[in-house]
Amino acid sequence: MPGIHPARDNPVRHWSGPGARRDIEQLVWQMPPDPRGEPVSRITVENVTRRYGDVRAVDGVSLDVAHGDFLVLLGPSGCGKSTLLRMIAGLVPPSDGRVLVDGNDVTETPARDRDLAMVFQSYALYPHLTVERNIGFPLRARKQRKADIRRRVAEVADILDLAALLDRRPRELSGGQRQRVALGRALVRDPGAFLMDEPLSNLDAQLRTATRTEITELHRRLGRTFVYVTHDQVEAMTMATSVAVLNRGRLEQLGTPTEVYDAPASAFVAGFLGSPPMNLLDAEIVSRDGRLHAVAAGVDVPLGQGEPGDQVQRPAILGVRPEHLSLRPASSDGTPPEAGAPNGAVPDSAAPAAALRGTVRTIENLGSEEIAHCRVGAAEVAVRARRPAGFTVGQAVVLTVRPEHTHLFDRESGRRLVWQPDRDAQIPAARVPVAT
Ligand SMILES: Nc1ncnc2c1ncn2[C@@H]1O[C@H](COP(=O)(O)OP(=O)(O)O)[C@@H](O)[C@H]1O
Ligand SMILES: [Mg+2]
């Protein structure tokens, strides 16, 4: 049955502030069914490129967004996130490649005929229209009945805590309120998928955190496909079911938040995620005494058992997350450090402790923990430690890491070096690097 029917005895929730809103699930439940049948679910991007003159804003990207996924397009400014999202929306035509919705090629289909709703970074509200008319705009454009539009706008406004603001114009609203109007305009027609371009970037930090939670909850309740653009790794880690990390128009990695954090496919991904991000040091992989080491000035990290006669000599990038490093004072006689450390690392008996030698340069107090920035050779290395870690600026320190917490990347391509179990090795956890 078309229209939304008031359900006064619904459970009441709060968007923010004192205004009550009805349970979002109820709204969706009461939405009229899409006359074209089932909502869109799956979005496929096939080898899509967008050129602007000599610039490849998006360069050969392929992605598959499954039904109900929350895909975050993550990357630094200018990496092609918005261009990719706009090609999915139908606002920018690809130079090459195809966009499919539920298996149907929509590359040539205009935006209004794709069952997708877009929320823009700028909100893109009509300044001369009231909140009510901004939210109702997609329904008026589809020539729905006036009474139906009014009812549905009221329902959405109630959910988003905008009911008292329906007569205002965008300039009379706060940033957070404008953001909710933009969200309302997307919600009002119950699209198959939501496309959002940095929708929280104009909000202050506190409101951003609150709204992040609300959008995640909205996704869970609606069960719709979301494609969400952000340069903020915290948004990506907390909201996404899958993350596509973009760099210079190319897809660096597609994976769950856990996968991209724990096993970054490239040095770029490793250095983009984490706060502070993964420490990346130029090092050589060398074979010594049947064991492989990553070696650089101030760095000697045993990686695992090598093959007898290994001729490895490979320029690599050694990656270690700040939380996987342990700090201890350097002993004055220069003896090798023991595994284990004041900030709580568990010693690894199977492998000798990895040693990075350096000096504490600065200490950042984050309240619950602190970040010690240490100079190691020519590199700067961040260490995350519980407070109080008891170190002082200028102190000579040894940084230890367990071999399984090290990451290796090819220095030339930046790609992750793949390690395979060495079946013949005496130590069960031993690994050898495989060139990719
Ligand atoms: N309409 C356009 N004309 C020319 N260059 C563009 C246009 N849109 C985007 N670009 C360029 O494409 C690249 C990617 O832009 P964009 O997709 O907006 O990146 P992001 O959203 O990740 O910040 C940038 O180098 C940008 O300057
Ligand atoms: Mg953008």
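The values are calculated or read from the model by the stated rules, or taken from the named source; none is laboratory data. Being a predicted model, the structure only gives us computed values, none of them experimental. Cβ coordinates were reconstructed from backbone atoms using ideal geometry, including for glycine residues, and neighbour counts include every protein chain displayed.
So the values come out like this:
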quantity	calculated
Pairs with Cβ under 6 Å, 6+ apart, first in region 398-409 and in the same structural domain as Pro315 (by TED's automatic domain parsing) and in contact (Cβ under 8 Å) with a residue 60 or more places away in the chain, second among the polar types (S, T, N, Q) and buried (at least 22 other Cβ atoms within 10 Å of the Cβ)	Thr400/Ser326
Filter result (among the charged types (D, E, K, R) and within 17 Å of Ala330 (Cα to Cα)) within region 354-379	Arg357, Arg361, Arg375
Only one of Met278, Met239 that is surrounded by 19 or more Cβ atoms within 10 Å (Cβ to Cβ) and under 22 Å from Asp410 (Cβ atoms)	Met278
Candidate set: region 68-82, residues that are more than 9 Å from ligand 1 (Cβ to nearest atom) and either part of a loop (DSSP other than H, G, I, E, B) or over 14 Å from the mean Cα position of the chain (by Cα) (or both); chosen: the one surrounded by the fewest Cβ atoms within 10 Å (Cβ to Cβ)	Gly68
Qualifying residue in region 195-202 (condition: free of Cβ contacts under 8 Å to residues at least 40 places away in the same chain and within 16 Å of ligand 2 (Cβ to nearest atom))	yes
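This table checks each residue for (1) of a type in the set (Phe, Trp, Tyr); (2) touching a strand residue (DSSP E or B) at 6+ places or on another chain (Cβ under 7 Å); (3) modelled with pLDDT of 95 or more; (4) on the phi < 0 side of the Ramachandran plot.
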| residue | (1), (2), (3), (4) |
| --- | --- |
| Gln206 | no, no, no, yes |
| Ala244 | no, yes, yes, yes |
| Thr258 | no, no, yes, yes |
| Asp262 | no, no, yes, yes |
| Phe268 | yes, yes, yes, yes |
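Every residue, every condition in (1) at pLDDT 95 or above; (2) within 16 Å of ligand 2 (Cβ to nearest atom), yes or no:
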| residue | (1), (2) |
| --- | --- |
| Pro76 | yes, yes |
| Leu85 | yes, yes |
| Ile88 | yes, yes |
| Leu91 | no, yes |
| Val99 | yes, no |
| Asp105 | yes, no |
| Arg114 | no, no |
| Glu155 | no, no |
